[in-house]
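Inspection log for the structure reproduced underneath, given as structure tokens.
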Amino acid sequence: MVSSYKLNVAGVTRELPLCRVNDDLYIAAFVMFGDVEITKACATELLKKAPEYDIMITAESKGIPLLYEMARQAGVNDYIVARKGAKLYMEDVIFTEVDSITTEAKQRLCIGKKEADAMRGKRVLVVDDVISTGESLAALEKLIKTVGGNIVGKMAVLAEGDAIGRDDIICLAPLPLFNPDGSEK
């Protein structure tokens, strides 16, 4: 039985462990946390494909190092993280719900007045590590539209499963889904 998947993305190779989602579905776990080399390489390649934008946004949490590195390489000082919960410093909080394939329960994403003001009337680039079901992406889109932002692009390092066929996202590589025996679906 195959227990990992060899991923080649942005000139970097990683062996990803296969993780059980349910009895019939396994995914290859792509985690950028703690991997500076892959984060830097993917940020560089995504920026080459990015449309012109005013501000970037991601959902908390796995997209944060990628978004930070993209902002650093682009020479900009601001980016937005849609938080999983309201923080004390946030004013006029706007919430939406998301049902992610990698999280057991429904999550909430939120932004405050500062983030809303930064997106209102601006060209917003949505960035994530992996797009799979598109639920996180849809939640971010809802937040952006609610505050009057203009989505100019949706990007991810990887498009998992059927997401690779979407024509509304930009990604660096496909990521297959797996059967319990490790074979690709």
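The values are calculated or read from the model by the stated rules, or taken from the named source; none is laboratory data. Remember, predicted model here, so these are calculated numbers, not experimental data. Here the Cβ is made from the backbone with ideal geometry for all residues, glycine too, and neighbour counts use every protein chain on show. Just the protein is used for accessible areas: all its heavy atoms, side chains included, with ligands, DNA and RNA removed. Shrake-Rupley method; radii C 1.70, N 1.55, O 1.52, S 1.80 Å.
Here are the numbers for this structure:
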read-out	value
Residue in the stretch 146-181 that is most open to solvent (accessible area, probe 1.4 Å), counting only those that are without any contact (Cβ under 8 Å) to a residue 24 or more places away in the chain and part of a loop (DSSP other than H, G, I, E, B)	Asp167
Within the stretch 74-92, tally of residues that are out of contact with any Asp or Glu (no Cβ under 7 Å at 6 or more places or on another chain), free of Cβ contacts under 8 Å to residues at least 40 places away in the same chain and on the phi < 0 side of the Ramachandran plot	11
Strands (runs of 3 or more DSSP E) wholly inside the stretch 54-140 containing at least 3 residues that are touching a Gly at 6+ places or on another chain (Cβ under 7 Å)	123-131
Complete set of residues in the stretch 135-145 that are open to solvent by 40 Å² or more (accessible area, probe 1.4 Å) and among the acidic types (Asp, Glu)	Glu135
Residue satisfying condition, being more than 30 Å from Arg20 (Cα to Cα) and in contact (Cβ under 8 Å) with a residue 24 or more places away in the chain, within set Leu66, Leu143	Leu143
Residues within the stretch 81-95 that are surrounded by fewer than 12 Cβ atoms within 10 Å (Cβ to Cβ) and either closer than 17 Å to Ala139 by Cβ or aliphatic (A, V, I, L, M) (or both), tallied	1
